[in-house]
Amino acid sequence: MTSILILNGPNLNLLGTRQPEVYGATTLADVDALCRAHADTLGLTIGFEQSNHEGAMIDHIHAAKGNHAGIILNAGAYTHTSIALMDAISSVELPVVEVHLSNIHAREAYRHKSYIAPVAVGQICGFGAQGYVLALDALKAHLAI
């Protein structure tokens, strides 16, 4: 069975309580359950991780090579600052779908720049937790499995 890593970045552990007017009431545990249920319908397995630490996220990306067929990444604020995450993605040569709960292009100007986008196969933003489901569908189609 094909496995996909879903990796979540800083502050996403606070989903459901952090700025619900922006990110909604869905918790990260809810997102995990939603992803696992949808992955089952697609014949996929997932690894689901979250870290507030850039280095730990890089370690997860490195460990994905040989263990996962692709990555769904919500890098949170690191999206807009981390050349190191971009380099890690390039290094493992796995397809990555970038996901954001909010529409980063409709928010503050500093959120419009993504260091992940140039090394991702695509970006999904603005659809809340449903974005992860869309990303699973997109990644499965991209992998042609």
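The table for this structure:
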quantity	calculated
Backbone N under 16 Å from the residue 52 label point (7 Å along Cα→Cβ), restricted to the stretch 63-84	76-78
Fluctuation leader among 109, 129, 88 - the chain, Gaussian network, Cα springs under 10 angstrom	109
Ranking of 99, 121 by count of other Cβ atoms within 10 Å, fewest first	121, 99
Highest-first arrangement of 71-81, 44-54, where packing means the average Cβ count within 10 Å	71-81, 44-54
Two-decimal Rg/Rh across the chain, once Rg and the Kirkwood Rh are taken from alpha-carbon atoms	0.93
Hydrodynamic radius of the stretch 54-121 per Kirkwood, over alpha carbon pairs, in Å	12.1 Å
Extended-chain gain in nm, criterion 0.36 nm per residue less alpha-carbon gap, residue 65 and residue 83	4.6 nm
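Taken together, the values in this text are just the output of simple stated rules run on the coordinates, not laboratory data. Nothing here was measured: the structure is a model prediction, and the numbers come from that model. Here the Cβ is made from the backbone with ideal geometry for all residues, glycine too, and neighbour counts use every protein chain on show.
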